[in-house]
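Encoded as structure tokens, the structure appears first; notes follow it.
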Ligand code: CMP
């Protein structure tokens with residue numbers, strides 16, 4: 001089953017939207033297999049966002065992600081990477097359609113509440129970066 005990495009960013013934690021974001025992913029039928037609250041180090045932030053190093057927004061992005069706790073999660077389900085990306089909506093909240101998490105709750109490109117892996121390959125890399133193997137829980141869904 002496909003897995004994806006999701007992080008509620010500092011703005012989502014500070015605005016009290018962790019529960020709302022988790023509820024939307026649960027209601028879609030995705031399965032939560034790992035979750036922790038993390039105060040992100042500069043090193044972890046730089047490694048997570050390595051693909052954006054050198055871009056003009058990179059220093060601000062690192063400052064933002066390390067500014068307050070985040071909630072890191074792994075979700076599992078059919079086509080989990082694409083399903084989460086669709087639920088989040090485009091990066092820029094101003095361009096995200098109503099009904100998506102960012103469309104309903106965010107109106108900025110940097111303060112966009114939540115990160116979701118952009119490919120199965122990124123998901124593998126990000127899950128490995130943020131979680132130890134024994135933090136990923138294998139549990140049966142008997143619904
Ligand atoms: P995320 O999905 O976490 O992946 C990279 C992040 O960089 C993205 O969400 C945005 O929060 C941020 N980002 C991308 N483009 C810009 C931009 N032009 N200005 C500020 N932040 C950006």
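Odds and ends about this structure:
- Length gained on full extension, residue 36 to residue 86: 15.7 nm, using 0.36 nm per residue less the C-alpha separation.
- Treating r as the C-beta distance of residue 1 and residue 43 and R0 as 25 Å, the FRET efficiency rounds to 0.25.
- Taken along the Cα-to-beta-carbon direction at a fixed 7 Å, the label points for residue 124 and residue 50 span 1.4 nm.
- When only Cα pairs below 8 angstrom with a gap of at least 6 residues are kept, the chain shows a relative contact order of 37 percent.
- Cβ crowding within 10 Å ranks 4, 100 as 100, 4, fewest other Cβ atoms first.
- A straight line joining the Cα centroids of region 1-29 and region 39-65 runs 20 Å.
- Volume of the Cα convex hull of the chain, divided per residue and given in Å³: 104 Å³
- Per-residue Cβ neighbour counts within 10 Å put 65, 22 in the sequence 22, 65, beginning with the fewest.
- Using C-alpha pairs below 8 Å separated by at least 6 residues, the relative contact order for region 57-123 is 26 percent.
- Here 115, 142 are placed in order of increasing Cβ neighbour count within 10 Å, fewest first, which gives 142, 115.
- Gained length - residue 109 relative to residue 138, 0.36 nm times residue gap less alpha-carbon distance: 7.0 nm
Read the figures in this text as sums done on the coordinates, not as results from a lab. Quantities reported herein were computed from a predicted structural model and do not represent experimental measurements. Because the Cβ atoms are built from the backbone with ideal geometry, glycine has one as well, and the counts that use them run over all protein chains shown.
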